[in-house]
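Structure first, commentary second.
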4 protein chains.
Amino acid sequence: MSFNTFGKFFRFTTWGESHGPAIGCIIDGCPPLIQLKEQDIQIELNKRKPGQSKFTTQRKESDKVQILSGVFEGKTTGTPISLIIYNEDMRSKDYNDIKDKFRPGHADFTYFKKYGIRDYRGGGRSSARETAARVAAGAVAKKVLEKKLGKKFKISAAVTQLGILGCDTTKWDDKIIYKNPFFCPDKSMLKIWEKYLLSIRKAGSSCGAIIEIRANGVPPGLGAPIYSKLDSDIASAMMSINAVKGVNIGSGMNSAQLSGEENSDEISQNDKKMKFSSNNAGGILGGISSGQEIIVSFAVKPTSSILKSRKTINKFGKNTTISVTGRHDPCVGIRAVPVGEAMLSCVLLDHYLMNKAQCS
Amino acid sequence: MSFNTFGKFFRFTTWGESHGPAIGCIIDGCPPLIQLKEQDIQIELNKRKPGQSKFTTQRKESDKVQILSGVFEGKTTGTPISLIIYNEDMRSKDYNDIKDKFRPGHADFTYFKKYGIRDYRGGGRSSARETAARVAAGAVAKKVLEKKLGKKFKISAAVTQLGILGCDTTKWDDKIIYKNPFFCPDKSMLKIWEKYLLSIRKAGSSCGAIIEIRANGVPPGLGAPIYSKLDSDIASAMMSINAVKGVNIGSGMNSAQLSGEENSDEISQNDKKMKFSSNNAGGILGGISSGQEIIVSFAVKPTSSILKSRKTINKFGKNTTISVTGRHDPCVGIRAVPVGEAMLSCVLLDHYLMNKAQCS
Amino acid sequence: MSFNTFGKFFRFTTWGESHGPAIGCIIDGCPPLIQLKEQDIQIELNKRKPGQSKFTTQRKESDKVQILSGVFEGKTTGTPISLIIYNEDMRSKDYNDIKDKFRPGHADFTYFKKYGIRDYRGGGRSSARETAARVAAGAVAKKVLEKKLGKKFKISAAVTQLGILGCDTTKWDDKIIYKNPFFCPDKSMLKIWEKYLLSIRKAGSSCGAIIEIRANGVPPGLGAPIYSKLDSDIASAMMSINAVKGVNIGSGMNSAQLSGEENSDEISQNDKKMKFSSNNAGGILGGISSGQEIIVSFAVKPTSSILKSRKTINKFGKNTTISVTGRHDPCVGIRAVPVGEAMLSCVLLDHYLMNKAQCS
Amino acid sequence: MSFNTFGKFFRFTTWGESHGPAIGCIIDGCPPLIQLKEQDIQIELNKRKPGQSKFTTQRKESDKVQILSGVFEGKTTGTPISLIIYNEDMRSKDYNDIKDKFRPGHADFTYFKKYGIRDYRGGGRSSARETAARVAAGAVAKKVLEKKLGKKFKISAAVTQLGILGCDTTKWDDKIIYKNPFFCPDKSMLKIWEKYLLSIRKAGSSCGAIIEIRANGVPPGLGAPIYSKLDSDIASAMMSINAVKGVNIGSGMNSAQLSGEENSDEISQNDKKMKFSSNNAGGILGGISSGQEIIVSFAVKPTSSILKSRKTINKFGKNTTISVTGRHDPCVGIRAVPVGEAMLSCVLLDHYLMNKAQCS
């Protein structure tokens, strides 16, 4: 039972609403003696921070994180790490129009049906603002993984499809991802994507995206049958991100179309070095990491808050329309990149720690 | 921490190996006073049972279930329900060849790396035989849902894509699904699929599949933000099924390509009856059921055990080849149909019960 | 796996160190639509607050609580409630002497052995200061119970034994408990206890205490076999309080000395009203509440921080002595009264909510 | 949420009713490569087995255990271990009289109130027969601990008080415990206890008991603040045993009467060997093991099923009386000895494994 908690051993619990005084998270199960300072977390938060380009919401949040507990003289102590980020640029009045109306594609209707009450300001708890707390938790997970797994561990994420436009993932370049406003790994697509997204924004519309995450240097043996398969925990993690509606591991949905001999990755050994001929499995066999690169991708649906007028009802059951004029990302998928990276970091660390208990 | 347990409130724990004496599960958290007899479970198990057509493994298992506890005078008592299925038609000798070899695409390598030991006979714990225990648990969940939600509740699953061949899901006919060997819902495809699968079997190859599950009569309000979103728990459930590599809710991966106005389902009301204009959300908004049909699909990779010779290594690190001659399904995806249906039933019941605690 | 989380459905996670910037907790699983304001929580916190009499530590903490999330327009929304209390009167320098020494009877030695690092200032995470966060969570639980169970629900706790001096529990008077510095329910003992505790304080020593908690108006049916027995969860709750070393339900340890006919409470019915002849069971039979008064007691060991010199070692393995001169309670048991009450409130609410999922 | 599951990482789930076909348990989280055969478990089950002396119930159960999964070629594989014990000597007719009556001191009334149905035969799920499954799980835990901690690890339990008669625990002799019908560790009391228990049985009455468990060779560092304190998990474990109403760690309830200087165990070091001057803490400080002997005791109330006539009501609300003539232990506390030992073994292993994840 863990509605607002993620993880089994390395666990974080998030709290906070979009227009409340603050948001934050508690991390429990972090190993002791890990060097950790606020700046380590801030670096990651800055990637997700809104207002950095014209292609994301213009809400201005410095997203300044404070460590309130669990760190002593620069090192983790093994006790819970409490992180807080104060909300700054809230314009709750922008949301008066949706106080009683249910925005199509949003959680408004279902929250109201379930709880009989909802903090409508900025989406309240269902706002993507919650993901800042995940990025903070992921930053801590990354620090631990880097210490435990050493330099061979590396995780990277990017937008590999923007609406109807894909990119060439063989041209993946880590260095450019956070240097372009689309978090695209393929330099050759930047101009094309820019033009495309500008046209969408201009039309008052929005588009979806596919995000891919790759983790290298993950040792074999992480994951656990049957209901804690690495695939299973990763899918759960990605689907918990706002607006995500599909998850693939390795060849994912496409594996349905492959033949047995195309799909199963052959194994060979050369000078004590094992090699797979391909990676349709996305680095996971039987729910357990094989030592190959972990490859995960997920689809983020297009932003539901659009300028175009949409039919809906209000909480009194009357038909009405809505056109959302607040500050919104034309493609929420872009800022999901650091979130996906953070979530995968947390899943990997969780299983790394559990594997110690299981098999050491 | 629940490696072999699924669910939060309605929980089942499975146990057993493919060639051990038996397999089974314990269901904890089942409400009392539900009518339950072995036959209720047997009906569902018979759908998954192997050896029913030439398109599934020829292993002959009667999959006869016994209820060992938790039912008194024909009704559940609220105490744990223990179910057992004895294994019958095991031919462990068939597996001597894989004792030391790692089959490509299988869990052999990763289990050995993790545990340093593995029961190789028939795949041991990683065998799809484990899914029989899930189908049994799902049968109990269905009985409870039918009592609690009444006749409007209905769940149905089918293969909607066999390898490279899709079918017309608008022609979905519940009545034919378990009456054809492909669990296909579209009568018009049966001949074509038969020819296709015969050719694959003849070639000593295998193919993947996409399974779709639809649940109607699910009330709004099931699911919970943030890390117990209905999408999240469903994705975790489906990805825990053997050989599943991708999961979609509603429009799923395809939602990345839609515009905001195409994707967000408009709402209207007529005579106190609410209606959505479409169902890209697959019946789930913000992680909570909206009352619309729940739509889930997942991809099963092609059977990794094929006749065609494949390169691999053995546990001593030597290069070798393998050609699997045991009894295998040319498309394991087919028998995943009742498994997916069972898993979704369990997730829905789990959230139905939790919602009582949360909001009643 | 929940090192810093308590509860199964109504869950709270605490964080913070004695001399860090703040302490707090996140409550998850609180039902929506409960009226809640900071003052509701403050009232309970004020009972536990230090510095209120000469018999408690002179550390001055206003223990001012802030609600950071989960409440909208005065009502809970069903989302996590984040509470924060800033630390104020910290004198970390008082603790320089224990930086390297392990105080006998304290967690110093074991924390260091386990984690290889410890925040020694004021006991860090192992300080009883953490219990303020529990009292805050308990205040919320009480508000929910009062709404759900109505006026018949009442919970009350008191010190029933101070060191070697008991009191007459048949004279239990709720109204005086928080009006005397010993949280004693028996007016006739106040003078005697005062004299006793003054002499202990003067001697630079300390004493233990027994706390009793009584809950009325608890409906039958709360609790669950086998490993979530109400007794089991209550024992776990009480033993998690700092310095607690023994827990009794009803006749408790004393039940070993009773005969079968003395111990088992007879049942009779009069005009549709059921009655038990006695309450050795403390209101719990087979782990499930019977509708009788719930009676729990627990022992708090004497404060380990005393003026008298004690032998110990330092972290370099050298023999030394220690005499603790900081600000300490001569009897930590006294301030455990509102903590025990809070913990029992949380356990009862947790089971009340779970029972809805199990049996409604 | 784990009604019938105990443990966090090393977890076991029990199932079965007193008069159902069988009882059993599933162990999840057991490390791989541990030598395990049925006889290892049988040895422990034989200690708890009924019908071994005139002082326990005359029900004849061979309590023969079968391993159904999780062990391959004599070693654990890391997958779930399923254990089953078939019930044999059931005389369900003996229980017809209690079909509609609630036995005072039993779970009859509360189960019926909660679930609206109960398997009354032999107490159904609330029967102490369930504890056989725990002893089986404990036997596995012990095997693991012995492998991981080596020969220095030793756990032992005994009855230290029978009704009103204590014994001299300084005369504790492991070798005699399971060789006398009272599981008494003090040879000098055997005759006296025999005479006492005979007189109780003759009078158609029953008596309670106190059981003490001691574990040596437990390394420092096991346990976790705050809500997984070793004390807390041990208290929960003991209180989950049928008829237990009080739990002490170290000085337990008695610690309330000690002064600070009497209670806190002084520390000293001699030739690199650390020593405590006493063990009031029962080997646990701040919830974490100190390396000292772990000392736990708990009280078992007298058997509620007695020959003497007792007032009660039936399920129709009518006043009646009951006199239980079935086969019962005059002191159920005796057979709780191997159960307590098993539960402590499980808690210690659980924390041993978790500590690897936390701090290795």
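The values are calculated or read from the model by the stated rules, or taken from the named source; none is laboratory data. Note that the coordinates shown come from a computational prediction; the quantities given were computed from them, not determined experimentally. Every residue, glycine among them, receives a Cβ derived from its backbone with ideal geometry; neighbour counts consider all protein chains shown.
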Of the residues D:ASN242, D:ASN319, D:ASN270, which is of a type in the set (S, T, N, Q) and touching a helix residue (DSSP H, G or I) at 6+ places or on another chain (Cβ under 8 Å)?
-> D:ASN242
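Give segment A:237-271 a look and list any residue that's more than 30 Å from A:ALA132 (Cα to Cα), more than 7 Å from every other protein chain (Cβ to nearest Cβ) and not in a strand (DSSP E or B), or say none.
Hits for segment A:237-271 are A:ASN254, A:GLU262, A:ASP271.
If I filter segment D:205-255 down to residues being touching a Cys at 6+ places or on another chain (Cβ under 8 Å) and surrounded by 23 or more Cβ atoms within 10 Å (Cβ to Cβ), which single residue comes out as nearest to D:GLY286 (Cα to Cα)?
For segment D:205-255, the residue satisfying everything is D:ALA237.
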How many residues are surrounded by fewer than 24 Cβ atoms within 10 Å (Cβ to Cβ), out of contact with any helix residue (DSSP H, G or I) (no Cβ under 9 Å at 6 or more places or on another chain) and in contact (Cβ under 8 Å) with a residue 12 or more places away in the chain if we restrict to segment C:24-45?
-> 2
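Go over the candidates D:LYS311, D:LYS315 one by one and state the one that is of a type in the set (Lys, Arg) and facing chain C (nearest Cβ under 8 Å).
The conditions single out D:LYS311.
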Failed criterion for D:GLY51 (all others in (1) crowded, with 21+ Cβ neighbours inside 10 Å; (2) at positive phi; (3) within 20 Å of the chain's Cα centre (by Cα) hold) = (1)
Residues located in segment B:128-151, provided they are of a type in the set (Val, Ile, Thr) and in a loop (DSSP other than H, G, I, E, B) | none
Just to be sure, is C:PHE316 among the hydrophobic types (A, V, I, L, M, F, W, C), surrounded by fewer than 18 Cβ atoms within 10 Å (Cβ to Cβ) and on the phi < 0 side of the Ramachandran plot?
-> yes
Looking at segment A:100-127, which of the residues that are assigned to a loop (DSSP other than H, G, I, E, B) and out of contact with any strand residue (DSSP E or B) (no Cβ under 8 Å at 6 or more places or on another chain) is nearest to A:ASP40 (Cα to Cα)?
-> A:SER127
Please work out which one of (1) of a type in the set (Asp, Glu); (2) more than 7 Å from chain D (Cβ to nearest Cβ); (3) more than 30 Å from D:SER199 (Cα to Cα) is the condition C:ASP231 fails and give its number.
-> (2)
Give just the number: which of (1) in contact (Cβ under 8 Å) with a residue 24 or more places away in the chain; (2) at the interface with chain D (Cβ under 7 Å from one of its Cβ atoms); (3) assigned to a strand (DSSP E or B); (4) within 29 Å of B:PRO32 (Cβ to Cβ) does C:MET274 not satisfy?
-> (1)
Is it the case that some residue within segment A:344-354 is in contact (Cβ under 8 Å) with a residue 60 or more places away in the chain, within 17 Å of A:GLY252 (Cβ to Cβ) and either more than 8 Å from every other protein chain (Cβ to nearest Cβ) or not in a strand (DSSP E or B) (or both)?
-> yes
Residue check: is D:ASP97 in a loop (DSSP other than H, G, I, E, B) and either in contact (Cβ under 8 Å) with a residue 12 or more places away in the chain or among the acidic types (Asp, Glu) (or both)?
-> no
Looking at segment C:99-111, is at least one residue under 21 Å from the mean Cα position of the chain (by Cα), of a type in the set (Val, Ile, Thr) and under 28 Å from A:GLN35 (Cβ atoms)?
-> no
Can you find a residue in segment B:155-164 that is in a loop (DSSP other than H, G, I, E, B), small (Gly, Ala, Ser) and touching a Gly at 6+ places or on another chain (Cβ under 9 Å)?
-> yes
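May I ask you to list the residues in segment A:209-236 that are modelled with pLDDT of 95 or more and either in a strand (DSSP E or B) or closer than 18 Å to A:ILE177 by Cα (or both)?
A:ALA209, A:ILE210, A:ILE211, A:GLU212, A:ILE213, A:ARG214, A:ALA215, A:ASN216, A:SER228
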Identity of the residue in segment A:167-184, hydrophobic (A, V, I, L, M, F, W, C) and assigned to a loop (DSSP other than H, G, I, E, B), that ends up surrounded by the fewest Cβ atoms within 10 Å (Cβ to Cβ) = A:TRP172
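Okay, residues lined up against (1) under 17 Å from the mean Cα position of the chain (by Cα); (2) within 8 Å of chain A (Cβ to nearest Cβ):
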position: B:VAL159; (1), (2): yes, no
position: B:PHE182; (1), (2): yes, no
position: B:GLU194; (1), (2): no, no
position: B:TYR227; (1), (2): no, yes
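Looking only at residues that are part of a loop (DSSP other than H, G, I, E, B) and touching a strand residue (DSSP E or B) at 6+ places or on another chain (Cβ under 6 Å) in segment C:20-68, which one is modelled with the lowest pLDDT?
C:ASP63
Could you tell me whether B:CYS359 is surrounded by fewer than 24 Cβ atoms within 10 Å (Cβ to Cβ), out of contact with any Leu (no Cβ under 7 Å at 6 or more places or on another chain), more than 26 Å from B:ILE117 (Cα to Cα) and not charged (D, E, K, R)?
Considered against the rule, which asks whether it is surrounded by fewer than 24 Cβ atoms within 10 Å (Cβ to Cβ), out of contact with any Leu (no Cβ under 7 Å at 6 or more places or on another chain), more than 26 Å from B:ILE117 (Cα to Cα) and not charged (D, E, K, R), B:CYS359 comes out as yes.
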Does D:SER290 fit the bill of being small (Gly, Ala, Ser), without any contact (Cβ under 8 Å) to a residue 40 or more places away in the chain and either in contact with a Cys (Cβ under 6 Å, 6 or more places away or on another chain) or within 7 Å of another protein chain (Cβ to nearest Cβ) (or both)?
-> no
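Which is in contact (Cβ under 8 Å) with a residue 40 or more places away in the chain and in a loop (DSSP other than H, G, I, E, B), of A:PHE298, A:PHE316?
Testing whether each residue is in contact (Cβ under 8 Å) with a residue 40 or more places away in the chain and in a loop (DSSP other than H, G, I, E, B) leaves just A:PHE316.
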Scanning for something among the acidic types (Asp, Glu) and within 30 Å of D:TYR111 (Cβ to Cβ), does segment C:192-201 turn up at least one residue?
-> no
From the set of residues in segment C:111-134 that are of a type outside the set (Ser, Thr, Tyr) and without any contact (Cβ under 8 Å) to a residue 40 or more places away in the chain, which is surrounded by the most Cβ atoms within 10 Å (Cβ to Cβ)?
-> C:ARG118
Could you grab me the full set of residues in segment C:14-50 that are away from chain A (no Cβ under 12 Å) and under 30 Å from C:ILE117 (Cα atoms)?
-> C:ARG48, C:LYS49, C:PRO50
Quick check, is B:GLY74 of a type outside the set (A, V, I, L, M) and touching a helix residue (DSSP H, G or I) at 6+ places or on another chain (Cβ under 9 Å)?
-> no
Taking segment A:69-94 and the residues there that are part of a loop (DSSP other than H, G, I, E, B) and free of Cβ contacts under 8 Å to residues at least 24 places away in the same chain, the one that is surrounded by the fewest Cβ atoms within 10 Å (Cβ to Cβ) would be A:GLU73
Across (1) at pLDDT 95 or above; (2) closer than 30 Å to D:ILE322 by Cα; (3) under 19 Å from the mean Cα position of the chain (by Cα), D:LYS143 clears everything bar (2)
